[in-house]
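Accompanying notes for the structure given below.
The values are calculated or read from the model by the stated rules, or taken from the named source; none is laboratory data. Not measured: the values here are computed from a predicted model. In this analysis, Cβ positions are derived from the backbone assuming ideal geometry, glycine residues included, and neighbour counts consider all displayed protein chains. Surface accessibility is based on the protein's heavy atoms, side chains included, excluding ligands, DNA and RNA. Shrake-Rupley method; radii C 1.70, N 1.55, O 1.52, S 1.80 Å.
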Amino acid sequence: MRIDAENDGVSASRNHLVFAYYVTGHGFGHATRVVEVVRHLILAGHDVHVVTGAPDFVFTSAIESPRLFIRKVLLDCGAVQADALTVDRLASLEKYSETAVVPRAKILETEAEWLNSIKADLVVSDVVPVACRAAADAGIRSVCVTNFSWDFIYAEYVMAAGNHHRSIVWQIAEDYSHCEFLIRLPGYCPMPAFRDVIDVPLVVRRLYKSRKEVRKELGIGDDVKVVILNFGGQPAGWKLKEEYLPSGWLCLVCGGSDGQELPPNFMKLAKDVYTPDVMAASDCMLGKIGYGTVSEALAYKLPFVFVRRDYFNEEPFLRNMLEYYQGGVEMIRRDLLTGHWEPYLLRAISLKPCYEGGINGGEVAAHILQETAIGKNWASDKLSGARRLRDAIVLGYQLQRVPGRDISIPEWYANAESELGVRGGSPTFQISERSSLVKSFVEDFEILHGDPQGLSDTMTFLKSLAELDSFCDSGPEKRWMRERKAAAGLFNWKEDIFVTRAPGRLDVMGGIADYSGSLVLQMPIREACHVAIQRNHPSKHRLWKQVQARQHAKGQGPTPVLQIVSYGSELSNRGPTFDMDLSDFMDGDKPLSYEKAKRYFAQDPSQKWAAYVAGAILVLMTELDVRFEDSISMLVCSTVPEGKGVSSSASVEVASMSAIAAAHEMVMDYAAYRTFLVELTISPRDLALLCQKVENHIVGAPCGVMDQMASACGEADKLLAMVCQPAEVLGLVEIPEHIRFWGIDSGIRHSVGGADYGSVRVGAFMGRKMIKSVASSALSRLLPSANGLNSYPSGLSPDELQDEGVDLLKAEASLDYLCNLSPHRYDARYAKLLPESILGETFLENYVDHNDAVTVIDPKRNYGVTASARHPIYENFRVKAFKALLTSASSDEQLTSLGELLYQCHYSYGACGLGSDGTDRLVQLVQEKQHGKSSKHDDGTLYGAKITGGGSGGTVCVIGRNCLQSSQQILEIQQRYKGATGYLPYVFEGSSPGAGKFGYLRIRRRASTLEL
């Protein structure tokens, strides 16, 4: 339901109403928009009790009325920020638990009693979860007014902090489900916990003074360019400098500390200054995105130079709205902190913001609240509470859009975009007929090397490159997403461009056992990452304006620069561009250490993604002594969905590493599995190992190598068989024609860098260390003593010692990989000796170290050992059996046995703590299809399923007969999962060649197209 901007206002009611208005403790933005709604309620003659932790002046500076009552109580904490740009995810969850979970019973009792004591007619929340439940306990209706909800924000934090905090998200969603309906503000996030919604215009504070009056009071001339610095506090350790501003500019600083000294071209504003008036008197604003800053910038047509906050998932939706109305310029954090402001500020004042929508949302919302309190029923009650709750949890984890695969985007994403008329994701993947694509890219490019191999996604990517060149002629009236604008200025179209492709992978068998040395079976999927790269002499390289400004500020001539554009950033919190001087990868005369590089990329979370791409350069410098003297431009476009356990990161790493090597004179010879980079020789296997170094040491994710190996060495419609010790390819296993594999996405975001995966890995390495210790102790008791050559314990002879398994004990005492221990030996000698779990501190005291280079033991954390160690030992056996069965005669028994091995693997993941509700549900749906009456009657078509990759969500692998009925059953499972959760899962089907088989393309724009 939508309420238009035009209405009759809030008329004075015959009833004197009492409103209890709860305001979240997160920032002033919520309090400032509440002010506008409250002001209209009071003008209509009602009493409003505001429950808040914000300072009184936020309300009293705008409302002077005896009908306003302020009660200082903090019932939620929002997102805890280490500074103005940094959100501490774990601290946010812990603070919320301390604020709202631990004292929950007392809060509910106190609030219900207070609400009844003031005789509240309606409870309004922006957007305090417990207020809705307290209202229900008091028998009072409640309404929320917001553009986001905390279940959505906290969902990603849970993935970082571990399962022990997941109940917080459930509880918040349950609290919101007591709300009667939601008054939804523009720029909204997905909020499926609410029963019904009413959309209203922007809620914006009114202006009291003109631009001329404000400037006169501040002593600022009309000809002075003014930027207002509005961060709600400043980043830690930040010192403002005079040279940050263009000549003749003045910066007005909000939230400056009392003792802060400012340069002469900076002016500190009073703490209680009325910000909207100052904003309207400025020429542009520099700050972080929040509802208050974005809504008021749009309303006052004030260009907004913004810097991203990490881990606050409200931001992408507001950012899309800001940029759609041509009101935003993004500044990267590094340039903010180092003072390279000028190109951004000059760009900002050239913008012409074009928002013309309503800005009386406060008045409209107040009218709805008044009518609701009187008794009007706005809600349609079209969705059940249980359905809303499931939607809230499952969709809360689905924070990333899938580039290029719009059909799989849940309805709430489509709804959020339709309000703005904006499409997200990669702009390139609207696939038409293959023949027309072939004709198109052949007309656009001359292919000097390589073959697109008929891959439609490659053809589409090439077409997208050609369209970038036409961007310059498209005219300013055409609205392009920022990533397309940046990409359009990336390449010199008269020079060669190299294109590489690397697919994601479906983990058929092996999974997390890779880091324990298991045999694994991996299938490259149809979805892939493409990278286009060009190298140019620094004097001929096309530079973005901020890069030009940085080089100019250093007073140096052209130097090698890396510029990267990543498609698909609009609805994630990932910056679309990255740039750096390649000299930053040098520490004196040596390459930068991996640890320093890791810190370099981690300093700005919105650009941490660049570590997967740029990290390849540093690894080549470090491991192969390659030096890069030319500038490099890269365009990254991936259709491998993020967070679904299909190796999105590995595909980016492999495509990037392949592209960098190809552009620097590497010649691929796939048949010989060898490549040549100048005088260096790299095989696809070695390339995969180099990519693993990128992820382990520069990104900081403790993954095994199977993902990179599958992406680099795989072939279409075959399983790559590899023993991860560390990466020995056994060959390619043909998938029998009667067998087919599918992947079904659960919608629950997976992260190999998440706490659960890391803790299970630590537990496995702890188990290996304990097994080695037990074996060493047993061996020392059996071997001859030092007192005599013939002195054997218990009088045993050498032959009898051999019967006792001395050779086995020697091997187990020096066990390199857990998977080299057979299941029967594990059960016979070690299973009962390993603890179910152990405190990190206790393990370190007894064993010193777990001997894993990519994980660190937390002394205060408890680690599961038995399940974590048992899983890879048995998984290795299961994979060997699976591989053998694939080559056996076709039969129902063959398929049943293969499916059973998948099921066993799935439940072993769960025993380790790496399961999830969504993946369990999908496996259950496969079992129901397999054992249902119809399947038995038709001899069945689906035979097994398992969670994949790092677990804790992501994708389920399904095995079945290669027939039409199987595909139909997969679609039925897809629809049943949607019916249960509200999320339509993406189905992975099909396969494609790995990066080694694809090789690379070297292309050049045809001269005829350049002349057009």
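How big is the gap, in Å, between the Cα center of region 975-998 and the Cα center of region 524-587?
Rounded to whole Å, the Cα centres lie 32 Å apart.
Can you give the accessible area of LYS596 in Å² (nearest 10), computed on protein heavy atoms with a 1.4 Å probe?
90 Å²
What aspartates and glutamates sit close enough to LYS810 to cross-link, taking a C-alpha to C-alpha distance under 19 Å and skipping anything fewer than 8 places away on the same chain?
ASP799, GLU800, ASP827
Taking the Cβ-Cβ separation of ASP827 and THR559 as r and a Förster radius of 51 Å, what is the calculated FRET efficiency to the nearest 0.05?
Computed FRET efficiency for ASP827 and THR559: 0.25.
For SER683, enumerate residues with amide H under 5 Å from its amide H, sequence gap 5+ or separate chain, H modeled in the peptide plane.
So SER683 has HN proximity to THR675.
Excluding ligands, DNA and RNA, what is the solvent-accessible area per residue of region 596-648 at a probe of 1.4 Å, expressed in Å²?
Heavy-atom SASA per residue in region 596-648 reads 28 Å².
For region 480-533, which semi-axes, largest first and in whole Å, follow from the square roots of 5 times the eigenvalues of its Cα gyration tensor?
Values for region 480-533, descending: 37, 13, 10 Å.
How far, in nm, would the chain grow between ASP584 and GLN965 when pulled straight, counting 0.36 nm per residue and subtracting the alpha carbon separation?
131.5 nm
Can you order the peptides 729-737, 624-632 by their average number of other Cβ atoms within 10 Å per residue, highest first?
Peptide ranking by packing, descending: 624-632, 729-737.
Please work out the C-alpha center-to-center distance from region 605-644 to region 875-954 and express it in whole Å.
Centre-to-centre (Cα) distance: 36 Å.
Per the 1.4 Å probe, what fraction of the accessible area of region 32-81, in percent, lies on carbon and sulfur atoms?
55 percent
Using a Cα-Cα cut-off of under 17 Å, which aspartates and glutamates could be cross-linked to LYS209, ignoring same-chain neighbours fewer than 8 residues away?
List returned: GLU36, GLU217, ASP222, ASP272, ASP277, ASP283, GLU296.
Based on the Cβ-Cβ distance of TYR208 and SER539, what FRET efficiency does E = 1/(1 + (r/R0)^6) give at R0 = 60 Å, to the nearest 0.05? Intermediate results must be reported in sequence, preceding the final value.
Values: r = 54 Å, r/R0 = 0.90.
Once the sixth-power term is evaluated, E becomes 0.65.
Treat each spin label as a single point 7 Å out from the Cα along the C-beta direction, and report the LYS596 to LYS352 distance in nm.
Here the modelled spin labels are 4.9 nm apart.
At ASP892 and LEU782, where each label point lies 7 Å from the Cα along Cα→Cβ, what is the point-to-point distance in nanometres?
4.7 nm
Between region 361-379 and region 298-322, what is the separation of their alpha carbon centroids in Å?
Rounded to whole Å, the Cα centres lie 28 Å apart.
With the convex hull built on the Cα atoms of region 534-656, state its orientation-averaged projected area in nm². Each step should come with its number before you reach the end.
On the way: hull surface 32.9 nm².
So the mean shadow area of the Cα hull is 8.2 nm².
Per residue, what accessible area does region 939-982 have, given a 1.4 Å probe and all protein chains present, in Å²?
29 Å²
Return the ratio Rg/(2.2 N^0.38 Å) for region 89-179, where Rg is computed over Cα atoms only.
Taking the Cα Rg and dividing by 2.2 N^0.38 Å, one obtains 1.10.
Can you compute the radius of gyration and Dmax for region 482-591, using only the Cα atoms, both in Å?
Using the Cα atoms of region 482-591, the pair Rg, Dmax is 18.9, 56 Å.
In region 272-326, if every C-alpha pair distance is counted and binned at 5 Å from zero, what percent goes to each bin?
The percentages, shortest bin first, are 4, 20, 34, 23, 13, 6, 0.
When only alpha-carbon atoms are used, what values of Rg and Dmax, in angstrom, describe region 211-293?
12.2, 35
Ranked from highest to lowest mean number of other Cβ atoms within 10 Å per residue, what is the order of the peptides 55-61, 984-990, 178-184?
Highest to lowest by the protection proxy: 178-184, 984-990, 55-61.
Can you list which of the GluC sites (Glu not before Pro) found in region 322-365 are DSSP loop residues with at most 12 other C-beta atoms within 10 Å?
GLU356
Count the net charge of all other residues whose Cβ sits under 15 Å from the Cβ of ILE220, scoring Lys and Arg as +1 and Asp and Glu as -1.
Within the 15 Å Cβ shell, the charges total +1.
Counting only heavy atoms of protein chains, what accessible area per residue, in Å², does region 147-282 have with a probe of 1.4 Å?
38 Å²
Over 18 Å between Cα atoms: which of LYS212/LYS352; LYS929/LYS978; LYS239/LYS598; LYS718/LYS997 fall into that group?
Checking Cα-Cα distances, LYS212/LYS352; LYS239/LYS598 exceed 18 Å.
Mind giving me the FRET efficiency for LEU43 and GLU243? R0 is 51 Å, r the Cβ-Cβ distance, nearest 0.05 is fine. Before the final figure, lay out the partial values.
On the way: r = 48 Å, r/R0 = 0.94.
The computed FRET efficiency comes out at 0.60.
Taking 7 Å along the Cα-to-C-beta vector as the label spot, tell me the ALA853-ILE374 distance in nanometres, rounded to one decimal.
Between ALA853 and ILE374, the label points sit 7.3 nm apart.
Could you state the orientation-averaged shadow area of the convex hull built on the Cα atoms of region 844-977, in nm² to one decimal?
Orientation-averaged projected area of the Cα hull: 10.1 nm².
Full-extension gain between ALA105 and LYS72, please, as 0.36 nm times their residue separation minus the C-alpha to C-alpha distance.
Using 0.36 nm per residue and subtracting the Cα-Cα distance, I get 10.0 nm.
Loop only per DSSP, at most 15 neighbouring Cβ atoms within 10 Å: give me the GluC sites (Glu not before Pro) in region 210-319, ordered by residue number. Walk me through the intermediate numbers first.
On the way: sites: GLU213, GLU217, GLU242, GLU243, GLU261, GLU296, GLU314; in loops: GLU261, GLU314.
Loop-located and lightly packed - GLU261.
Can you give the alpha-carbon Rg of region 32-98 over 2.2 N^0.38 Å, where N counts its residues?
Against the empirical 2.2 N^0.38 Å value, I get 1.38 for region 32-98.
Could you please state how large a percent of the accessible area of region 548-587 is carbon and sulfur, counting protein chains only and using a 1.4 Å probe? Working shown, then result.
Numbers: 630 of 1240 Å².
C and S atoms contribute 51 percent here.
Report the full-extension gain for the segment GLU845 to VAL273: residue separation times 0.36 nm, less the Cα-Cα distance, to one decimal in nm.
Full-extension gain reported as 200.2 nm.
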